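Below is one structure, written out as structure tokens, with a few remarks after it.
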Amino acid sequence: MAEDRRDLLETFENQFPGRNYDIEIVAPEFTSVCPKTGQPDFGTLTFTYTPEGKCVELKSLKYYLQSFRNDGIFYENVTNRILDDLVAVLKPRQIQVVAAFTARGGISTTITALHEAKTPHAR
């Protein structure tokens with residue numbers, strides 16, 4: 001399923017591959033399901049990345065994120081799975097995913113996952 005889900009992500013060529021610049025995308029309506037309770041989880045995902053050759057197309061990212069809607073998955077797992085999928089498709093210089101989930105039972109959780117390319121570029 002993970003490979004099929006990656007297929008939802010479309011890209012377009014970065015028109016400025018020689019320049020370091022950051023793209024920030026905020027998705028305030030992310031939903032998945034708690035694998036313990038079966039209750040819905042709600043969160044805001046913030047993606048910040050420095051593209052190399054490709055950029056993510058936003059409509060495809062929306063559909064990709066919606067594909068998690070009925071998945072029973074822990075916060076930590078979904079955050080890292082999304083990061084892994086974006087790294088595999090975009091191969092960015094750097095990318096960070098911050099997943100801020102709404103409070104449940106008086107506790108809120110924020111997960112931050114970071115990937116940096118093995119051959120860093122000058123910033």
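The values are calculated or read from the model by the stated rules, or taken from the named source; none is laboratory data. Nothing here was measured: the structure is a model prediction, and the numbers come from that model. Positions of Cβ are backbone-derived with ideal geometry, glycine not excepted, and every protein chain shown enters the neighbour counts.
So which residues in region 1-29 are without any contact (Cβ under 8 Å) to a residue 12 or more places away in the chain and not in a loop (DSSP other than H, G, I, E, B), if there are any at all? Walk me through how you get there before you give the answer.
Of all residues in region 1-29, those without any contact (Cβ under 8 Å) to a residue 12 or more places away in the chain come to 1, 3-4, 7, 15-16, 18-19.
Matches in region 1-29: 3, 4.
So how many residues does region 33-65 have that are in contact (Cβ under 8 Å) with a residue 12 or more places away in the chain and under 19 Å from residue 102 (Cα atoms)?
Number satisfying all stated conditions: 13.
Can you go through 111, 82 and tell me which one is of a type in the set (A, V, I, L, M), over 22 Å from residue 7 (Cα atoms) and surrounded by 13 or more Cβ atoms within 10 Å (Cβ to Cβ)?
Working: 82 fails: over 22 Å from residue 7 (Cα atoms).
None of the other options fit; the residue is 111.
Where residues in region 1-32 are in contact with a Phe, Trp or Tyr (Cβ under 6 Å, 6 or more places away or on another chain) and aliphatic (A, V, I, L, M), which of them is nearest to residue 103 (Cα to Cα)?
To start, the set of residues in region 1-32 that are in contact with a Phe, Trp or Tyr (Cβ under 6 Å, 6 or more places away or on another chain) comprises 8-9, 23, 25, 31-32.
Now restrict to residues that are aliphatic (A, V, I, L, M): 8-9, 23, 25.
Details: 8: 29, 9: 29, 23: 27, 25: 22 Å.
Step by step, filter region 1-32, then rank; the result is 25.
Take the residues of region 85-108 that are farther than 26 Å from residue 20 by Cβ and β-branched (Val, Ile, Thr): which is surrounded by the fewest Cβ atoms within 10 Å (Cβ to Cβ)?
107
Going through 96, 66 one at a time, which residue ends up being at pLDDT 95 or above and out of contact with any helix residue (DSSP H, G or I) (no Cβ under 9 Å at 6 or more places or on another chain)?
On the way: 96 fails: out of contact with any helix residue (DSSP H, G or I) (no Cβ under 9 Å at 6 or more places or on another chain).
Of the residues listed, the single one that is at pLDDT 95 or above and out of contact with any helix residue (DSSP H, G or I) (no Cβ under 9 Å at 6 or more places or on another chain) is 66.
Just a yes or no: is a residue in region 31-50 farther than 18 Å from residue 113 by Cβ, of a type in the set (S, T, N, Q) and modelled with pLDDT of 95 or more? First the steps, then the outcome.
Filtering region 31-50 for residues farther than 18 Å from residue 113 by Cβ gives 31, 33-40, 42.
Still in the list and also of a type in the set (S, T, N, Q): 31, 37, 39.
Going one step further and asking which of them are modelled with pLDDT of 95 or more, we end up with 31.
Checked against the condition, which is being farther than 18 Å from residue 113 by Cβ, of a type in the set (S, T, N, Q) and modelled with pLDDT of 95 or more, region 31-50 yields at least one hit.
Results for (1) surrounded by 13 or more Cβ atoms within 10 Å (Cβ to Cβ); (2) touching a Gly at 6+ places or on another chain (Cβ under 6 Å); (3) not charged (D, E, K, R), shown as yes or no for each residue.
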residue	(1), (2), (3)
15	no, no, yes
19	no, no, no
33	yes, yes, yes
41	yes, no, no
48	yes, no, yes
54	yes, no, no
60	yes, no, yes
